[in-house]
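FYI, it's all coordinate maths here, none of it is from the lab. All values reported here derive from a predicted model rather than from experimental measurement. Every residue, glycine as well, gets a Cβ built from its backbone with ideal geometry; the counts of neighbours run over all protein chains shown.
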């Protein structure tokens with residue numbers, strides 16, 4: 001077991017916040033995530049978080065409804081702001097100092113994203129939630145997570161999902177799918193493994209930033225992976 005990581009970027013999917021619901025946020029799931037982040041913060045870990053918005057609106061589904069791509073993506077970005085504010089509220093109820101920094105300016109709700117400000121918040125022990133993706137259409141929150149991780153000098157991107165790693169195929173549809181313990185960036189791209197989009201993986205590859213894909217649904221997995229326990233699949 002390694003000593004663990006000091007500064008991390010945690011990527012949460014919006015769908016993971018739904019729990020067993022079909023829409024929105026499951027309060028129990030949010031409270032559990034906040035509790036694990038609180039524990040890590042008390043241990044002195046520096047935590048940046050990027051949350052998707054798929055539990056409210058996905059840009060791709062908007063396109064299918066006839067909305068143009070750019071507008072649909074902006075709507076998806078606003079969904080990430082909803083999730084970011086909800087997580088901030090949950091963390092602050094637990095006494096965790098938290099800041100939401102948005103790539104799209106909305107000063108009544110969040111601070112504008114400024115890299116140096118984000119790093120300063122982390123150095124002061126605050127949890128930083130990065131909202132609104134990159135602020136640009138055509139880029140996913142996976143890409144935003146990779147970008148923010150590099151900007152703040154994170155040691156690893158932790159992608160929390162509903163499965164316990166990267167599989168050769170969808171394990172829910174194919175019982176013979178095998179789980180990978182470790183992969184290279186090139187293998188992820190070559191095999192077209194849908195763990196993160198190609199832009200995000202390429203960014204991490206170009207900057208030698210490891211990715212760990214792990215199961216969010218198991219209690220204390222966030223704490224365990226940040227502390228260095230070998231969970232899920234490591235991409236390096």
Q: Take every Cα pair under 8 Å in the stretch 7-235 that's 6+ residues apart, average their separations, divide by the length, and report that relative contact order as a whole percent.
A: 22
Q: Quickly estimate the mean residue ellipticity at 222 nm for the chain, helices only: each DSSP H run with n ≥ 4 gives -39500 (n - 2.57), and the total goes over all residues, rounded to 500.
A: -11500 deg cm²/dmol
Q: Among DSSP beta bridges lying fully in the stretch 79-226, give the percent that are antiparallel, nearest 5.
A: 15
Q) Gap in Å between the Cα centre of the stretch 65-103 and the Cα centre of the stretch 1-30? A) 14
Q: Find the relative contact order for the stretch 162-209 and round it to a whole percent, using C-alpha pairs within less than 8 Å whose residues are 6+ positions apart.
A: 30
Q: Quick one: compute the contact order of the stretch 5-55, relative version, from alpha carbon pairs under 8 angstrom and 6+ residues apart, as a percent.
A: 61
Q | Sequence of 209, 21, 87, 158 once ranked by neighbouring C-beta atoms within 10 Å, starting from the fewest | A | 21, 209, 87, 158
Q.
Test of understanding: ordering 7, 220, 148 by Cβ neighbours within 10 Å, fewest first, what list do you get?
A. 220, 7, 148
Q) Hey, with R₀ at 30 Å, roughly what FRET efficiency would residue 94 and residue 176 work out to, going by the Cβ-Cβ distance, to 0.05? A) 0.10
Q) In what order do 49, 63, 114 fall by count of nearby beta-carbon atoms within 10 Å, going from fewest to most? A) 114, 63, 49
